[in-house]
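Report on one structure; see the data block that follows.
The values are calculated or read from the model by the stated rules, or taken from the named source; none is laboratory data. These numbers come from a predicted model, not from an experiment. When we count neighbours, we look across all protein chains shown, and the Cβ atoms used for this are built from the backbone with ideal geometry, even at glycine.
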Amino acid sequence: MALAVHAAETRTWTSRKGSNLEAQLLKVEGQEVVLLTPESREIKLKVEDLSLADRQYLIEYGGASPEVVAGGELGEPENEVKIDTKTFKKLEKPLLLEGSTELSFELLESEHFLIATTGVRPQAMAETAERMWHGMAFEHMNFRKDWGDKRDLIFLVDDPEIYKSLGKWYGDYLVTQKVDQDTLNRVGATWGEVGSTSMALPEALVSERNLHSRATVFNIKDDDRFKKPMSPFPVHVIAGDLLGQQLGGVSNFGADGYFAVMTGFAYFKEIHLTGKTETNLIDVSGSQFDEITKKSGFEDGKSWAKTLRTLVKRDKVKPDFEQMMSWSAQQLDPEKLVLIYSFAYYCNSTPERLSGFANLVRRVESSKQIPEPIEFARIMGFDSVEALQKDWVEFVVSTSFK
């Protein structure tokens, strides 16, 4: 019954280059899939030409063999998709934040994002965000459906005074929402230090503009990072934001591993898609969150794999999966940060591993917690944590890790 119900649904099928087709699944025939369009036209496509998310759907609802995820090359769907920037539209009505007379932002609308600016050209950011969106939709079966018809709001602020005013506005808004004092102190301590952060949006604005509930804010100190699409720092930030939105957060008792999964994914996408990293992590501590430290890996992203591989081969660094899943930002040093990156790379290094990672994301989305290490290992296709760790270490010391 379940198979019949799901097979009758019309859904969006996606290719690597971003072409979409609305159709129902009729059947899987070997290495081909037969789809039925709303006009009752049958279309045959090669399974390997479909997105990984589509192939996951074929396994779950079309009776396809699990081996279909192994077909085709992983590639870089974010860089390969064709984005028509002519569809980006500048809106006449500016964004005005309630209760402020000076916080007015020009708006550029793309298919899935709304870019609010105070002078920075928004086209490059809109294209970056759309490319990253396509990468998530290509790899994660539930992503497109969960996203729905809403947009994500991204602020690009290059004026220090406006950025400061935005921070004050957000602090005042959090007070009206009766958040705890620690949260207020943390936001206040980090607002002027970070290159990017996120903020919750008032329900009235979310409803008026049909937005998701949180916005990404870029504190632009270096305009060059935002002049062309797919620059390292914006890629890192948007990758983390999109994965976080899909995971949906975790409960306190199931949070171990969330930091490692999120941080590793963002660094992997940044380095894999742009060839380097320009991102440091900021950690705050102290009774008033007045001690701010920056965390980074080895020199730059190009040296990370070579340096870690040498340290692991010489037994100076010993990867430990269970320990890694308990790390927080406060515990990071360069070796630990690069280990987190290496595990994310490992999870995205083959279609089979990436499919396992996508299943993990769906598990977290539904359970609101990171699975225990043994369950994590099973989702990735192993009978034990030791087997998963052994495979990960073999990857780190191989030439596949770059």
Can you spot a residue in the stretch 322-340 that is in a helix (DSSP H, G or I), surrounded by 18 or more Cβ atoms within 10 Å (Cβ to Cβ), of a type in the set (F, W, Y) and touching a residue at least 40 places away in the same chain (Cβ under 8 Å)? no
If we scan the stretch 18-30, do we find a residue that is closer than 30 Å to L156 by Cβ and in contact with a His (Cβ under 8 Å, 6 or more places away or on another chain)? yes
When the stretch 80-95 is examined, which residues are found to be touching a Lys or Arg at 6+ places or on another chain (Cβ under 8 Å), over 17 Å from N210 (Cβ atoms) and either without any contact (Cβ under 8 Å) to a residue 24 or more places away in the chain or surrounded by 12 or more Cβ atoms within 10 Å (Cβ to Cβ) (or both)? E80, V81, I83
Of the conditions (1) closer than 20 Å to A255 by Cα; (2) part of a helix (DSSP H, G or I), the single one that Y345 does not satisfy is (1)
Counting just the residues of the stretch 122-150 that are within 15 Å of the chain's Cα centre (by Cα) and basic (K, R), which one comes out farthest from F218 (Cα to Cα)? R144
Does the stretch 252-265 contain at least one residue that is modelled with pLDDT under 95 and among the polar types (S, T, N, Q)? yes
Helices (runs of 4 or more DSSP H) contained in the stretch 1-80 and holding at least 3 residues modelled with pLDDT of 85 or more: 52-61, 77-80
For the stretch 7-44: of the residues being of a type in the set (K, R) and in contact (Cβ under 8 Å) with a residue 12 or more places away in the chain, which is nearest to E67 (Cα to Cα)? K27
I'm trying to understand the selection: among the residues of the stretch 124-154, which are without any contact (Cβ under 8 Å) to a residue 60 or more places away in the chain and over 30 Å from E352 (Cβ atoms)? A126
Over the stretch 80-115, the set of residues touching a Leu at 6+ places or on another chain (Cβ under 6 Å) and either charged (D, E, K, R) or within 30 Å of F357 (Cβ to Cβ) (or both) is K90, E109, L114, I115
Please go through (1) in a helix (DSSP H, G or I); (2) of a type in the set (D, E, K, R); (3) modelled with pLDDT under 95; (4) in contact with a helix residue (DSSP H, G or I) (Cβ under 7 Å, 6 or more places away or on another chain) for K302 and return the number of the only condition it doesn't satisfy. (4)
Go through the stretch 197-242 and give me each residue that's in a loop (DSSP other than H, G, I, E, B) and in contact (Cβ under 8 Å) with a residue 24 or more places away in the chain. L201, P202, N210, I220, K221, K227, K228, P229, M230, S231
Is it the case that K221 is touching a Pro at 6+ places or on another chain (Cβ under 9 Å) and surrounded by fewer than 13 Cβ atoms within 10 Å (Cβ to Cβ)? yes
